[in-house]
Amino acid sequence: MNRTKKKQEQNIEFCGGNYALIPLLLVIFLVPLIMRVYLYDSGLTGFTWYPDRTPETDVFLYWKGILLAALAAIMTIILVVKLAKNFTEILREYWIYFLLGYGLLALISTIASPYRHFGFSGIYEQFESIWVILSYVVVSLYTAYIVRNDEDLRVVRKAFFYLIVVLCFLGVMQLIGHDFFESDLGRRILVPEGLAIETGEGRRILSAEEIKDMRDGLSYSFSGSGIHQVYMTLYNPNYVGAFASLLLPIMVILAIASKKVVNKIAWGILSLILLVCTFGSGSKTFILSLGVVAIIAVIFCRKIIIKYWKYTLAAIAVVAICGTAYFSYMNVNLFQYVKNALIVPKSENLLENFEVTENSAIITYKGEKLTVQYLASEDGIYFIFSDENGTILEQTTLEDGLIQVNDERFQEIRFLVYAGTEEYPYFPAAVINGTPLLFTATENGYRYVNSCAKIDDFGAAESALFTDYEHFASGRGYIWSRTIPILKKTLILGTGADSFSLAFPQNDYLGRFNAGYNNSLITKPHNLYLQIGVQQGVLGLICFLVACLLYFIQSCKLYWKADLSNFRHIFGIGVMLGVTGYLISGIANDSCVALAPLFWVLLGLGYAINRMNKRKQEEAEL
C-alpha cells in the first residue's frame, strides 16, 4: 500500500523532478503561441527600394524572438553549471563541433557585416537576429544534454501534444471562417492597453483612441482571402506546411504504435485535424515532404507497420478519404495540383527591356521598341509615341481614360498618368499585363520610378540555374536564380543575420516585373539553405548540414535493425522522420522564428534519444 502511494506521488511530480526542463517546455509551448503587436521604425526608409512609411507593425515575430532569447540565456547558465563538472562529456560527440561552428560563423558574419545593425536588432518581416540564431544553437545543445531518461521524454512529448492541440484549435477556427485573432478578445490580446511605439525619437505610449483604431484596423490577408487559409500563429500558411512536415510524422508514429488505446485515439484524432488544417493552409511543399517521409517511414518502420497493420491501413484510409474530401470541396484536382507545383515552365517574358535616356523612355516589347516622351502643360501631359525608325505613332484615349497606341505591335500596352511629388508632379506609366511601369522627367533626364514612388536606376542582376524559369514553384525560381550568384561572395563569411533583403538585388526591376514581384519587397529566399548560405556563409551552411547529416546517419544505424518494441525507439524514429520532413520542406521554405525553435528542439532531442538508445543497446550486448 505504501509503495503504491509512493509511486503515485512520483508520477505527479512536476516535470518528473527534472526542473531544468521548464525553460525547454516554455520554448516548445509558449514561444510559438506568442502574438502581440509591436510598432517600430524599420530603419529602411533610406533605401530606394523601401517605401517612406513609419511605423511598421509586427504581430507574429518580434516578441517570439525576445522570449526565445531570454529563455536561451537562462538555458546557457543552467547548461554551464550542469556541464562544469563533466565538461569533457560534451566534447565526445562530433556533431557538437559543427553546431558550435555554425553559431560562431553566424556571429562573426554578423559582426563583420556592413548591415550589422539589423543583424543585432532584427529586420522588417524577419526579426531573426543573431541573438535568435545563437538561441537556436543553445536550445539544441540544451535539449540534447538536459533530456536524460524516459520520464523526460514523456514530459517533452506532452508539451508538444498541448501545443498541437492549441494550434489545431486556432487552425480549425480559421478554416471555418471564425479566426480567433479577428474576434474582439483576440484583438484585445494582440493590442493591449499601454501599447508603445518605438521611433527614432524615443518611446511613446499610444492613446486610447489610437489603441481602438489599431484594434479595429487589424486584418489578416490569409483569413480574409475568401478561402480561409490556415496560418495558426505561424505567420504564413507556408509555415503550417513546414510545421506539419516536422510534427505529423511523430504524431502518426505515436498514433500507430502507442500501447494505450487512449493515446492511440488522442494522437490519431490530432493527426487528422492537423492534416486537414495543413490542407487548408494551401501548402504545396507539405505534399512533397509527406511523400518523401512516407517512403523513409515504410523502410524504417516496417516492423511497426507489420505489427500494427490494421492501424496502419486505417491511417492510410483516413488520410486518403480526408484528402479526397477536402480537395473535392475546394474543387481542386490533387494530381493536377501537385503537377502544377512541380512543373518547370519556361518564362516567356514579353517585356524584354525598359531603358531611360535623356529625353525618353524606351520599351522593348515582343522584339519591338517603342519610344515614349511626354510634354507637360497646365492642363496635364501629352504623350508622344514613336517606333524604332522614328515614325510618330497615333494614339487613342479609351473610355476608361487609358491611352492606347494605334499600332498592332503595341496595342497590348496602355498608358496613364499618376500624380507625382512636389518636385516631379507627373509619373507617366506604361501598363503591361495589368502592372504599371512608372517613369518621370528629371533634371538628369528620364528616370525610372519604382513601386515605392522613388526614383531609382533600372538595374539588372546576375542569374543562375533557374534563369528563364523564374515562375517555377510559385515564383521561387526568380528569387533562387538571383540568390545563387550571391553565394560566390559568401563562401567563408556571410552577409550577417537578418541581412538577406539587403544583400538581394532589389533594383532588378526588369526581372522582378517579369516574375510578378514588381510591387513586392523580397525579404526572404524561400529556401532554408540559400538563406543560411547567404547570411551565415557557405561554410556555415556546411556546418549546419553536417550536424543534421550526422544525426540522420546515427539514427539510420540505430533504427535499421532495432526492435521497435519500446517507447524510446518509436519516439526516436518519429523524431528522425520529423527532422527529415522539415529539412525537405526547407527546400521551399526558409527559417522563421515562428517555427524554427521547434526544429532545433527536435534536432537536440533526436541526439538525446539516440544517446539513450545507444547506451541501452551497449548495456544489452554486455
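The values are calculated or read from the model by the stated rules, or taken from the named source; none is laboratory data. As the structure is a computational prediction, the values presented were derived from the model and not from experiment. Backbone-built Cβ (ideal geometry, glycine too); neighbour counts: all protein chains shown. All accessible areas refer to the heavy atoms of the entire protein, side chains included, with ligands and DNA or RNA removed. Shrake-Rupley method; radii C 1.70, N 1.55, O 1.52, S 1.80 Å.
Using the Cβ-Cβ distance between Glu399 and Thr442 with R0 = 35 Å, the FRET efficiency computed as 1/(1 + (r/R0)^6) comes to roughly 0.60. In this structure, the amide hydrogen of Asn353, modeled 1.01 Å from its nitrogen in the peptide plane, lies closer than 5 angstrom to those of Thr364, counting only residues at least 5 positions away or on a different chain. Cα-based values for region 445-548, radius of gyration first and Dmax second, are 14.5, 54 Å. Note that the chain presents 46 Å² accessible area per residue, ligands and nucleic acids not counted, probe 1.4 Å.
List the GluC sites (Glu not before Pro) within region 360-446 that DSSP assigns to loop and that have no more than 13 neighbouring Cβ atoms inside 10 Å. Intermediate values should be presented prior to the final figure.
Values: sites: Glu368, Glu378, Glu388, Glu394, Glu399, Glu408, Glu412, Glu422, Glu423, Glu443; in loops: Glu378, Glu388, Glu394, Glu399, Glu408, Glu412, Glu422, Glu423, Glu443.
Answer in residue order: Glu378, Glu388, Glu394, Glu399, Glu408, Glu422, Glu423, Glu443.
Students often check this: by mean Cβ neighbours within 10 Å, which of 252-264, 61-73 ranks highest, and how do the rest follow?
Values: 252-264: 18.1, 61-73: 20.6.
Descending packing order for the listed peptides: 61-73, 252-264.
Give the distance, in whole Å, between the Cα centre of region 250-296 and the Cα centre of region 553-590. With region 250-296 and region 553-590 each reduced to a Cα centre, they are spaced 14 Å. For Tyr418, the residues whose modelled amide H falls within less than 5 Å of its own, excluding neighbours fewer than 5 places apart on the same chain, are Phe427, Ala429.
Treating r as the C-beta distance of Leu491 and Asp468 and R0 as 30 Å, the FRET efficiency rounds to 0.70.
Extending 7 Å from Cα along the Cβ direction at Arg204 and again at Lys557 yields two label points whose distance is 6.2 nm. Exceedance of the 26 Å cut-off in Cα-Cα distance is limited, within the set Lys158/Lys212; Lys303/Lys614; Lys489/Lys557; Lys310/Lys561, to Lys158/Lys212; Lys489/Lys557.
Working from label points 7 Å from Cα in the Cα-to-Cβ sense, the Ala314 to Arg53 distance is 5.1 nm. Which part of region 27-49 falls in the paramagnetic zone of Lys82, meaning amide N under 17 Å from the point 7 Å along Cα-to-beta-carbon? Under cut-off, by backbone N: 27-29.
Taking R0 as 30 Å, what FRET efficiency do you get between Leu416 and Glu355 from their Cβ-Cβ distance, rounded to the nearest 0.05? Don't skip to the end; give the middle numbers.
Values: r = 20 Å, r/R0 = 0.68.
Efficiency at R0 = 30 Å is approximately 0.90.
Under 5 Å between amide hydrogens, built in the peptide plane, is the criterion, and for Ile432 it picks out Leu437 among residues at least 5 positions away or on other chains. Working note: Karplus 6.51/-1.76/1.60 with θ = phi - 60° gives region 547-561 the couplings 4, 6, 5, 4, 5, 5, 5, 4, 5, 4, 5, 6, 9, 4, 10 Hz, where Gly and Pro are set to x. When you filter the GluC sites (Glu not before Pro) in region 147-221 for DSSP loop state and at most 11 other Cβ atoms inside 10 Å of their Cβ, you are left with Glu193, Glu201. A simple rule links phi to the HN-Hα coupling: the Karplus curve 6.51 cos²θ - 1.76 cosθ + 1.60 with θ = phi - 60°, which for region 389-394 gives 8, x, 6, 6, 9, 6 Hz, with x for Gly and Pro.
Backbone phi angles across region 308-315, fed through the Karplus curve with coefficients 6.51, -1.76 and 1.60 (θ = phi - 60°), yield HN-Hα couplings of 10, 5, 5, 5, 5, 4, 5, 5 Hz in residue order; Gly and Pro are listed as x. Full extension of the segment from Glu193 to Leu545, taken as 0.36 nm per residue of separation minus the current Cα-Cα distance, would add 122.3 nm. Packing, as the average of other Cβ atoms within 10 Å across residues, places the peptides 28-40, 128-140 in the order 128-140, 28-40, highest first. In plain terms, the chain from Ala453 to Arg409 could stretch by 13.0 nm, reckoned as 0.36 nm per residue minus the Cα-Cα distance.
Measure off, as a whole percent, the carbon and sulfur share of the 1.4 Å-probe accessible area of the chain, all protein chains present. All intermediate terms of the calculation are to be shown ahead of the outcome.
Values: 17230 of 28870 Å².
Here it works out to 60 percent.
Report the full-extension gain for the segment Asp150 to Val292: residue separation times 0.36 nm, less the Cα-Cα distance, to one decimal in nm.
Numbers: separation 142, 0.36 × 142 = 51.12 nm, distance 2.91 nm.
Here the answer is 48.2 nm.
When peptides 100-110, 155-165, 456-466, 569-579 are ranked by their average number of other Cβ atoms within 10 Å per residue, the highest-first order is 569-579, 100-110, 155-165, 456-466.
The relative contact order of the chain comes to 20 percent, based on Cα pairs under 8 Å that sit 6 or more residues apart. Diffusion of region 123-252 by Stokes-Einstein, at 20 °C in a medium of 1.002 mPa s and with Rh set to the Kirkwood radius over alpha-carbon pairs, works out to 120 µm²/s.
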